[in-house]
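Only the coordinates and a few stated rules stand behind these numbers; no lab work does. These numbers come from a predicted model, not from an experiment. Counting neighbours? That spans all protein chains shown, and the Cβs are built from the backbone with ideal geometry, glycine included.
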Amino acid sequence: MRVFAATPMADDIASLRRILATSKTIAVVGLSADWFRPSYFAAKYLQEHGYRIIPVNPRYDAILGERCYKSLRDIPEPVDVVDVFRRAEDVGPIADEAIAIGAKVLWQQLGVKNEAAARKAETAGLESVMDRCMKIEHARILGGLGWAGVNTRVISAKRPKFIAN
C-alpha cells in the first residue's frame, strides 16, 4: 500500500480516482454540525455527490440528517473510508478503530499528517491518504468544481473579444 500526501505533488491520481470512485460510505470523524466549519462543508459536498456520510462526534445526535455515532466502533454498517477531521496527535487511536471495523481507507484531511498512524493502517491492509481534502480531490479529479461556483466549461487566459457594458 502507498501513502498519498499533498507534498510533493507527485501523487498517484489513478489511485485517488479509484478510491473516490469505488468508495460509497464515509465515516467523518470530527464532523461538526456548524455549517461554517470545513468538516461540515466537505461532508455536505460529498453527501450531495452520492456518498453515504456517517458522522462520528460524541457531541451530537445527528448531523446532515444522519445519526451521529460516538466512535467508529459504534457504527453498525461497513465503512469504506474513515475521513479524519481531528488533530494529527488524535489520529493514532482513530487508525486503530478504522482497522478494527475493517475500513478500506484511512484519509487524513488537509493539514493532518500522522505518519505513524498511516503506517499502522497500511500494515493492517488499509490504504492511507494524508494531508488531502476529499472534497477538493473529488472536485479536482472527478469534476465537481462547478458545485463550488467555478465555471469549468472554458478555461482561458485570453481576454474575451466582447465585453458587455
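Estimated at 0.36 nm per residue, the fully extended path between residue 44 and residue 89 surpasses their Cα-Cα distance by 13.6 nm. Taking the DSSP bridge list for the range 3-148 and keeping only pairs wholly inside it, about 10 percent are antiparallel.
Projected label points at residue 70 and residue 96, each 7 Å from Cα along the beta carbon direction, are separated by 1.7 nanometres. Simple spin-label estimate for residue 25 and residue 116 gives 3.0 nm between the two label positions (7 Å along the Cα-to-Cβ direction from each Cα).
Between the residues 106, 116, 38, the greatest Cα displacement towards the positive end of the dipole of the range 3-148, with unit charges on the Cβ of Lys, Arg, Asp and Glu, is found for 38. A full extension of the chain between residue 12 and residue 62 corresponds to an added length of 14.5 nm, given 0.36 nm per residue minus the alpha carbon distance. Pairs of Lys residues in the range 1-132 are counted when their Cα atoms are under 22 angstrom apart and they lie 8 or more places apart or on different chains; the count is 8. Subtracting the Cα-Cα distance of residue 124 and residue 37 from 0.36 nm times their residue separation leaves 28.2 nm of extension gain.
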